[in-house]
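Below you'll find the structure, written out as structure tokens, and then a few comments.
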Amino acid sequence: MQKIIISESQKKILSDHADNEKPNESCAILFGIVDGQKTIVKEIFLTKNIDESPVNFTISNEQLIKCYKTAEEKKMEVVGIFHSHPNSEAYPSNTDKKFMYSNPVVWVIYSGISNDFKAYVLESDILEILIET
Ligand SMILES: [Zn+2]
């Protein structure tokens, strides 16, 4: 079974980022390595939600390009996309699902309601995967 490894301190960085960006969605890019079924997050690149919306997020092309460049320099891959749902459960919205098709990495969502993280990949359908610390 597929899983993603995110440490407690990384979770803290992400939940703090989500809290800071409230009432809007927050977003980040996760760098790391993929080892078979296991995705290991090594570094987090916090990004700005240029939509400034509580129900959507967009990362600017400039930040995306910078992210991919930094990942390459560090000999890592972009392994995941993080965003928060300040007012709903940590489940992909229809918009998220659409973008999961064009960005087939692990999608990590943090819910401001349950204060919980969930992770998903897109196979033939949306599949929830395990998060390990
Ligand atoms: Zn979403």
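Computed from the coordinates by the stated procedures, all read-outs in this text should not be read as laboratory data. Given the structure is predicted, the values throughout are model-derived calculations rather than measurements. Cβ coordinates were reconstructed from backbone atoms using ideal geometry, including for glycine residues, and neighbour counts include every protein chain displayed.
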Quiz item: Loop-only check: which GluC sites (Glu not before Pro) in region 46-77 are DSSP coil with at most 14 other Cβ within 10 angstrom?
Solution: Glu52
Practice problem: Pull up the DSSP beta bridges for region 3-132 and report the antiparallel fraction as a percent, rounded to 5. | Solution: 65 percent
Quiz item: trypsin sites (Lys or Arg not before Pro), restricted to region 1-107: which are DSSP loop and have at most 13 other Cβ atoms within 10 Å?
Solution: Lys74, Lys75
Exercise. Given the options Gly112, Gly36, Gly80, state which has the largest fluctuation in a GNM of the chain using a 10 Å cut-off (strictly under) for Cα springs.
Key: Gly36
Quiz item: Top mean-square fluctuation among Ile65, Ile29, Ile44, Gaussian network model of the chain, C-alpha springs under 10 Å?
Solution: Ile65
Exercise. Give me the lysines in straight-line cross-link reach of Lys42: C-alpha distance below 26 Å, same-chain residues under 8 apart excluded.
Key: Lys3, Lys11, Lys12, Lys22, Lys66, Lys69, Lys74, Lys75, Lys97, Lys118
Exercise. Calculate the length of the line joining the C-alpha centroid of region 25-90 to that of region 99-122, in whole Å.
Key: 10 Å
